[in-house]
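Inspection log for the structure reproduced underneath, given as structure tokens.
The values are calculated or read from the model by the stated rules, or taken from the named source; none is laboratory data. These numbers come from a predicted model, not from an experiment. Please note: Cβ atoms are built from the backbone with ideal geometry, for glycine as well, and neighbour counts cover all protein chains shown.
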Amino acid sequence: MEFNSTPDPIPQSEQTTSGLATLTGMHVYPQSVISARDAIFALGREGLDKRLIVLSARPLPGIQGVARTLKDGRALTVAPTDATHAASLRALLPHLRPRRLGLQTSAGMGDRLGVATPGHARAARGTGVAPIFAQQSMRENARTGRTPQQVIDDAMWGVFQEGWLEGYGADADHLKRPEDIDLCVAAGYTFFTIDPGDYVNNAAHAAPMQDLVAGLDESVPWADLDLTKEQLYDRYLNKTFDVEGYKIAFPPEVLVRAVMKYGRAIAHTARMYRRLASLTDDFELEVSVDETETVTSPEEHFFFARELKRLGVQWVSLAPRYVGEFEKGVDYIGDLAAFEDSLARHAAIARHLGPYKLSIHSGSDKFSIYPAFARQTRGVVHLKTAGTSYLEALRVIARVNPALFREILALAIERYPIDRATYHVSGELRNLPDPAATPDQALGAYLDQFDAREVLHVTYGSALDAYGDDIIQTLREHEEAYYDALEIHFRKHLQPFAR
Ligand SMILES: [Zn+2]
């Protein structure tokens, strides 16, 4: 029979934790101890390695390790935290499987190093914000040398260690090619972010109207959109839609620019969606066009979403390209009043055509606009953060291993001119404090300086190539310090959205 309820956490009785510690000779994470399937499961640490501990009266499927029989006849097994045991444990304890989060207020916390989830869970506890603990794009996987499966497994061990029972999502982020979907479905992802950005025609934003009109027949994939030009005109031309009192109007120029800019992106999204839906029905979808040059106007959002709907695409979350600058790891840059005015329209459209969540990509450190997001979306929002768990790791390293931090900083300075190419950043090396003039105890200040944050943020791939093992080793040696830093950092992100 399928075990299908959430297991009870064992009360934090010192007895169980210390009993297991005595039996195994290991440090046992107190929050991890859990009773299910007539067995006790826990996570232990031996040196810097984590071990799965299982105490059970009968053998459990897929758990193989060093076992011994106790006086009372139960078997105590100590097994490696490898991919095989991650899969076995998910089969035994369903709360460790990623799941769908629906329209709940949610937040994604990318973890490029694979050791941050306990800190993320501590920050999420009690906020009512549903977490996505596993979240990586294919680009990040390429730079960190991890597979989609490893990303989920690492997050899952963190969920287990911290005794997080409330469920979590796993986001296969910025999927661009159909074959990436297959890989991520197989790994157990539940949240799929389709990024049709390569199919967005940014030139349509400003190209002369006569050129755009002349290109309509050729450049719009009418067959893929299951639409004729006449049907398009019939649906939109010179029409005005009332969206919670906002007038969304389609005079010829607005319509032609919208279909030329987003027509191919809509067709690609529908193609990706059908591929995904053919592989699984346990998924939720986000559509993101945030990494495009030109702002998504409310009219374009309305058009894009309404056409996706017509094609049968279902999604829980959508990321337009908002006005202003969303640079990595720093606060919002732009006019706050203009931002909120446009956000109010996007949020109204999301309610009118959905409801679906509005998603904030590059959402780390955008403290000045969180209140507007919480207000305008009424909590129907997804906050996506990524690289700042890495920056918090560097903050800890600056404190506990300044020599390593200096090496990472020197490499970042060397690599920034190249590595910044694929990121939206404006930080300049000339604004960095001089490392030679910075004493060890002041190195942490680099993590609070605008330009330095961006320089360190976008060079993570180079840093991991050169110093990945040293970074992980340092964080393992100081894991509580890392969890503390993450908890403080993410609390500030989640608090504005807490229920
Ligand atoms: Zn994004």
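Things worth noting here:
- Candidate set: segment 164-187, residues that are assigned to a loop (DSSP other than H, G, I, E, B) and surrounded by fewer than 22 Cβ atoms within 10 Å (Cβ to Cβ); chosen: the one farthest from the ligand (Cβ to nearest atom): 165
- Residue satisfying all of: in segment 272-286; more than 16 Å from the ligand (Cβ to nearest atom) and not in a helix (DSSP H, G or I); surrounded by the fewest Cβ atoms within 10 Å (Cβ to Cβ) among these: 281
- In segment 188-219, the qualifying residues are those that are within 15 Å of residue 264 (Cβ to Cβ) and touching a strand residue (DSSP E or B) at 6+ places or on another chain (Cβ under 7 Å), and the one that is nearest to the ligand (Cβ to nearest atom) is 195.
- Test for residue 153: is it modelled with pLDDT of 95 or more, within 16 Å of the ligand (Cβ to nearest atom) and crowded, with 21+ Cβ neighbours inside 10 Å: no
- Some residue of segment 1-21 being under 30 Å from the mean Cα position of the chain (by Cα), in a strand (DSSP E or B) and modelled with pLDDT of 65 or more: no
- Qualifying residue in segment 299-306 (condition: of a type in the set (Lys, Arg), surrounded by fewer than 22 Cβ atoms within 10 Å (Cβ to Cβ), more than 17 Å from residue 264 (Cβ to Cβ) and away from the ligand (no atom under 16 Å from the Cβ)): no
- When residues of segment 379-411 are limited to those that are more than 16 Å from the ligand (Cβ to nearest atom) and of a type in the set (Val, Ile, Thr), the one nearest to the chain's Cα centre (by Cα): 380
- For segment 328-337, the tally of residues that are in contact with a Phe, Trp or Tyr (Cβ under 8 Å, 6 or more places away or on another chain) and closer than 13 Å to residue 387 by Cα stands at 2.
Yes/no matrix, rows are residues, columns are (1) within 21 Å of the chain's Cα centre (by Cα); (2) surrounded by fewer than 22 Cβ atoms within 10 Å (Cβ to Cβ); (3) within 16 Å of the ligand (Cβ to nearest atom):
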position: 247; (1), (2), (3): no, yes, no
position: 288; (1), (2), (3): yes, no, yes
position: 335; (1), (2), (3): no, yes, no
position: 343; (1), (2), (3): no, no, no
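- Applying the set (1) in contact with an Asp or Glu (Cβ under 9 Å, 6 or more places away or on another chain); (2) aliphatic (A, V, I, L, M); (3) within 16 Å of the ligand (Cβ to nearest atom) to residue 123 leaves exactly one unmet item: (3).
- For segment 113-133, residues that are surrounded by 24 or more Cβ atoms within 10 Å (Cβ to Cβ) and closer than 19 Å to residue 463 by Cβ total 1.
- Taken across segment 76-85, residues that are at negative phi, hydroxyl-bearing (Ser, Thr, Tyr) and surrounded by fewer than 19 Cβ atoms within 10 Å (Cβ to Cβ) do occur, with at least one present.
- For segment 390-435, a residue qualifies if it is among the aliphatic types (A, V, I, L, M) and assigned to a loop (DSSP other than H, G, I, E, B), and the qualifying residues are 425, 432.
- Any pair with Cβ under 6 angstrom, 6 or more apart, that starts in segment 99-119 at a residue that is in contact (Cβ under 8 Å) with a residue 60 or more places away in the chain and ends at one that is in a loop (DSSP other than H, G, I, E, B): 99/167; 99/190; 100/190; 103/380; 105/129; 105/379; 107/129; 110/386
- Looking only at segment 199-231, residues that are over 35 Å from the mean Cα position of the chain (by Cα) and surrounded by 11 or more Cβ atoms within 10 Å (Cβ to Cβ) come to 10 in all.
- Residue satisfying all of: in segment 348-372; crowded, with 24+ Cβ neighbours inside 10 Å and in a helix (DSSP H, G or I); nearest to the ligand (Cβ to nearest atom) among these: 350
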